[in-house]
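Student: Below you will find the structure I want to go over with you.
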Amino acid sequence: MLYLKSFSHAFLHALKNLLPILVVVLFFQLAILQQVPDNSLSMAFGLLIVAVGVALFLQGLELSIFPVGKSLSNQFAKKGSVPVLLSFGFALGFSAVVAEPALIAVASQAQEISEGRIDALVLRLLVATSVGLVIALGVFRIIFGHPIHWYMIIGYITVVGVTFFAPEEIVGLAYDSGGVTTNIVTVPLIAALGIGLASSIRGRNPLIDGFGLVALAVMVPMISVQVYGIFVYAADVDSASAHVIQTAEAVTTHPVIQGLLDLLTMFRDVLPILITILFFQYIILRRPLSNPPKIAFGFILVIIGLYAFVVGLKIGLFPIGTSMAEQLINLNSYGFIYLFAFMIGFATTMAEPALIAVGQQAEEAAAGKIKGNMIRILVAAGVAVGITIGVYRLITGGSIHYFIIGGYTLVILLTALSPKYIVALAFDLGGVTTSEVTVPLVTALGIGLATHIEGRNVLIDGFGLIAFASIFPIVTVMCYAIAADWLNKFNRTEP
């Protein structure tokens, strides 16, 4: 009975997160387009399945991964062994990202659009390994108290440098891969690890030192995926092998068998987290789990929830994004496309649960210096502006290289000028803006626009919107902090 009540609460919460998207879509369908899409019922059913999947997934996390992960973090912080902490950081980062639903969705889209040249599993393993390594680096930074801004400035200079040499087919995907690593699974686990360590180590400030792990998890995959693209697109791919891939994908199987195979795939996705937890719990700490049946039940819910989530995406959110893109293009007025991009960006971000949670943590850690609601508005405005600029780049056909390099050059400059207390938080906020609902919808919108605008390449132009949604919240939050800091200094010097 308790589990049922908790599930109903999580289900209503998931529906609440979907509501802003529904409001924006209905507004455009009824007020501007004045038509209803042919597959509207299947889209609505898909959204309902997404809500059920997210609710089951969150319920499973609360019963299994979250309590065990927090317990392990506290125990390792008390243990005080640097090698063990670094190993745990790597394992936690890797296992969380491999199971990330949004990354699964983006990787699958990339493999399909590139006709098998980009391998979805290789892409996910590469991103997960990158995140694992950089979380270990972030743990090292917290332990020894290094300033975060040097890590970010050097990291993004590297990102911009690699972008010069990366093929244009991979740039948008690389930046999107960085944006989707921090989502429904990753953010709570990584944020809890960072803040827990900063709170446990004497001389560390939770606001300055505890934040930043999420930002690092966003940054490094951008480098590794672009390097992967340099190697992939440097080699010639045999057209016959691509045909074999397409032929193999065209083979149909019985729906029941396919469903069981998909369910086993979801188990494979969650298995790394399970192995990580059991290894560190029983081999390193040599302590039993507090409630194994409850934890096992939670993992089952996680797997079923992931499965429902992915099915719902295919039925609901991806068709909405592509359908809206096609219908808005047919209006022959790009102004409505920009308006739709802005409204979707702002509405979905304001309802993003990870952003609400991080905003509350920041308000507590800053002791009143930062307001959670103001942070949400600033971030939502940044996402809205970022997606709108990304859509403008897609429509006009501008090179994503120049837009991305320009955006991160601005970020690097603001990092040097911003008050040090805001730097880690601002970069983390850039990573938590892309939710489990927003990522698929925005990806589908980009792919839909690239498909229907003449002269656009889906792989080159279809990806990249998530990257813009991650850059501009950093800009808006840092600009606000610089302005507030300048105003405070002016008020103190005024006679």
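Student: For the chain, what is the calculated [θ] at 222 nm in deg cm²/dmol (nearest 500), taking -39500 (n - 2.57) for each run of four or more DSSP H residues and dividing by its residue count?
Tutor: Mean residue ellipticity at 222 nm (helix-derived): -26500 deg cm²/dmol.
Student: With unit charges on the beta carbon (Lys/Arg positive, Asp/Glu negative), name the residue among Leu47, His13, Ser333 whose Cα is farthest towards the positive pole of the charge dipole of the chain.
Tutor: So the residue we want is His13.
Student: Right, something else. For a Förster distance of 25 Å, can you work out the FRET efficiency between the beta-carbons of Arg286 and Ser200, rounded to the nearest 0.05?
Tutor: E between Arg286 and Ser200, to the nearest 0.05, is 0.75.
Student: Among the listed pairs Lys78/Lys294; Lys371/Lys489; Lys79/Lys420; Lys371/Lys420; Lys5/Lys294, which are separated by more than 23 Å between their Cα atoms?
Tutor: Over 23 Å apart, Cα to Cα: Lys78/Lys294; Lys79/Lys420.
Student: In whole angstrom, how far apart do the alpha carbon centroids of the range 297-350 and the range 133-187 sit?
Tutor: The two parts, judged by their Cα centres, are 26 Å apart.
Student: Another question, if that's okay. What's the longest bit of the chain with no exposed GluC sites (Glu not before Pro), using DSSP loop states and at most 16 other Cβ atoms within 10 Å as the test?
Tutor: My reading of the result: 116-453 is the longest stretch.
Student: Here's another thing I want to ask about it. Treating the beta-carbon of each Lys and Arg as +1 and of each Asp and Glu as -1, no other charges, what is the dipole magnitude of the chain about its Cα centre, to the nearest 20 debye?
Tutor: 1940 debye
Student: Using 0.36 nm times the number of residues separating Phe279 and Gln34, minus their current alpha carbon distance, what extension gain do you get?
Tutor: The span from Phe279 to Gln34 would gain 82.5 nm if fully extended.
Student: In addition: For the ranges 463-476, 380-393, 294-307, what's the packing order if you count other beta-carbon atoms within 10 Å of each residue, average per peptide, and put the highest first?
Tutor: 463-476, 380-393, 294-307
Student: Suppose R0 equals 30 Å; then what is the FRET efficiency for Glu168 and Leu413 from their Cβ-Cβ distance, rounded to the nearest 0.05?
Tutor: Efficiency, rounded to the nearest 0.05: 0.75.
Student: So, one more: When the label point is put 7 Å from the Cα of Phe144 along its Cα-to-beta-carbon vector, which residues of the range 212-236 have a backbone N closer than 20 Å?
Tutor: Flagged as within label range: 212-217, 220.
Student: With r defined as the distance between the Cβ atoms of Arg456 and Val82 and R0 fixed at 45 Å, what FRET efficiency is calculated, to the nearest 0.05?
Tutor: The pair Arg456/Val82 has a calculated efficiency of 0.35.
Student: Oh, and also: Over the chain, with every protein chain in place, what whole percent of the accessible area is carbon and sulfur at 1.4 Å, could you tell me?
Tutor: For the chain, the apolar C and S fraction of the accessible surface comes to 68 percent.
Student: Just to confirm, what accessible area per residue do you get for the chain at 1.4 Å probe, in whole Å²?
Tutor: In whole numbers, the chain has 42 Å² accessible per residue.
The values are calculated or read from the model by the stated rules, or taken from the named source; none is laboratory data. Since the structure is predicted, the reported quantities are computational estimates derived from the model, not experimental observations. A quick note on method: Cβ atoms are made from the backbone with ideal geometry, for glycine too, and the neighbour counts reach across all protein chains shown. When the accessible area is computed, the model is the full protein with side chains, heavy atoms only, and any ligands, DNA or RNA have been set aside. Shrake-Rupley method; radii C 1.70, N 1.55, O 1.52, S 1.80 Å.
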